[in-house]
Amino acid sequence: MAAGWQDVVRDAAAVREAAAVAVDAALLAGVLMRTGEQPNASDVVNYAPFTLLPSAVPRALFEQAYAVQQDFNLLVDAVSQNKEFLEQTLASTIKVDDFTARLFRIYMQVLEEGLAQTVFLGINRSDYMFDCGLDGTAALRQIEINTIAASFGGLTSRTADVHRLVLKVLGKTEEASHLLPNNPAKGLALGIAKAWELYGSQRAVVMFLVEEVQRNIFDQRCVENELWNRNIRVVRKRFRDVFEQGSLDASRRLYMDGQEVAVVYYREGYVPQIYDQQNWEARLLLERSRAVKCPDIATQLAGTKKVQQELSRPGTLEKLLPGRPEAIARIRATFAGLYSLDEGEEGDRIAATAIADPDRFVLKPQREGGGNNLYGEELREVLEKIKDNPERTSYILMDKIRPQPALNYLLRAHSPLQVSECISELGIFGVYVRQGQELVLSQAAGHLLRTKAIEHADGGVAAGVAVLDTPYLV
């Protein structure tokens, strides 16, 4: 725990006063979500859940996470361009995971037809936890890299101001001055704007592809407003709108309702449940188009858990990033132990090890969006059931990371104010733009800290488990 926080956590009166100020500050700053009861109405909103106090983050690990982000930008981009690698890596997964298989079929179809897209935009978020060793030292360990719809870049741009005020109210003005500025919304918009500019049509729009249920609209609006400030027109559409209104001309330019679309920014499309036949057809139409997709389907496939596991194999990074030993060393230093459950001797051995000692591992399916991973007894039960079945190849196994818990208050609407033992996850946003073979932009675009009570094994903010936080570097 950061020095000086312990006195606060135990002072009930000070906590109550600070929490009341914090909630009003969050509402004032626009740290907002729509309500579960009316997820598509902005006339009834509440504050997005957040921590009362900023959480301690080791400065060296925070700087390490930032330093490696451009390397991860390079790596994701390299994977997305390597058809042979994606084919080989996903061969076993697409036999048993229908969602990944359908994405892969679209990918192959678009390649066979020939890519119309010449400008490529990547917005990713690499997520880490701080693994506490037996000697008490912490190490940065990558959980995953999100290559589609990486969220909360907008709301986290506003959260630090709330925590700054809370610390001042608690008499910690000096500590308040140490909280870092952070504006991922601006960084994400910069990437989108660059892609729009390189597309080369002033009249063309940026299309946010959004969910049917839009509780997290204000997070997206932060990025949207940055684009409007640059006089770039933004439209919001759903897959069904694309199916009903979308068309391609002879040059495969994408039109929605007669408006040319320069950039398609996906905030939807990462879970199987949303795809019916119409939505799959809409996705194919988008992928065949000249519009800059963020991500294109190859980049979405580059973010699968199976690819993550394959990247950890000795020699793989060297093949994907030839002549970049320093970048490879920085990337590899963040990897946790990752294991294949493919059919064969190695997969059999790993499955048996995990069944015998399930608390050492996390079982991960090829899914995004939080709340999908399996732990402990549940992990053992699932692996027992599928250990002799090809279905096991749709999962990967990862060493369980053991962070050091700290005390904090998680502020949620309509929930009692109580202290919790918490752990945090740090995400670094990365943005890159490539035109043909030239990388014209690549940078880290800001950070996101999410914190949850230790009784919750899995799940993010959108899943209702984690809350927004601000790093306090120690």
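The values are calculated or read from the model by the stated rules, or taken from the named source; none is laboratory data. As the structure is a computational prediction, the values presented were derived from the model and not from experiment. All Cβ positions, even for glycine, are placed from backbone atoms using ideal geometry, and neighbour counts span all protein chains on display. Quick note on the areas: whole protein, heavy atoms, side chains included, nothing else; ligands and nucleic acids left out. Shrake-Rupley method; radii C 1.70, N 1.55, O 1.52, S 1.80 Å.
Things to note:
- For the pair Arg349 and Asn82, label points projected 7 Å from Cα toward Cβ lie 2.4 nm apart.
- Packing-based order for 122-130, 209-217, using average beta carbon neighbours within 10 Å, highest first: 122-130, 209-217
- Under 5 Å, built H, 5+ apart or other chain: amide partners of Val440: Val433, Arg434, Gln435
- As a fraction of the 1.4 Å probe accessible area of segment 96-164, surface on carbon and sulfur atoms comes out at 49 percent.
- Most to least packed among 244-252, 274-282 [average Cβ atoms within 10 Å]: 274-282, 244-252
- Contact order, relative form, for the chain: 26 percent (alpha carbon pairs under 8 Å, 6 or more residues apart, mean separation divided by residue count).
- The residues of segment 25-155 expose, per residue, 37 Å² of accessible area to a 1.4 Å probe.
- With the simple model of a label 7 Å out from the Cα in the direction of the Cβ, Asp11 to Leu473 spans 2.7 nm.
- Kirkwood hydrodynamic radius of segment 35-87, Cα pairs, Å: 15.8 Å
- Whole-angstrom gap from segment 278-321 to segment 424-448, using each part's C-alpha centre: 16 Å
- Amide hydrogen neighbours beyond the local backbone of Glu144, cut-off 5 Å, H modeled: Asp127
- Considering all C-alpha pairs of segment 337-400, those separated by over 14 Å amount to 49%.
- Sequence-separation-based contact order of segment 265-352, relative, with Cα cut under 8 Å and 6+ spacing, percent: 18 percent
- At least 15 Å along the helix axis (C-alpha) and Kyte average at least 1.0, DSSP helices within the chain: 12-29
- Segment 272-391: equivalent-ellipsoid semi-axes (sqrt of 5 x gyration tensor eigenvalues, Cα, Å): 29, 24, 12
- Span from the segment 350-421 Cα centroid across to the segment 4-53 one, whole angstrom: 28 Å
- Dividing the mean sequence gap of close Cα pairs (under 8 Å, 6+ apart) by how many residues segment 337-400 holds gives a relative contact order of 48 percent.
- In plain terms, the chain from Ala138 to Ala20 could stretch by 39.1 nm, reckoned as 0.36 nm per residue minus the Cα-Cα distance.
- Label-point gap, in nm, between Val235 and Gln418 - each point 7 angstrom along Cα→Cβ: 4.9 nm
- Once backbone amide H atoms are built at 1.01 Å from N, Ser55 has Thr470, Tyr472 as its partners under 5 Å, excluding neighbours fewer than 5 places away on the same chain.
- Long-range Cα-Cα pairs in the chain (distance over 38 Å), rounded percent: 24 percent
- Mean residue ellipticity at 222 nm, helices only, the chain: -11500 deg cm²/dmol; runs of at least 4 DSSP H residues each add -39,500 (n - 2.57), and the sum is divided by the number of residues.
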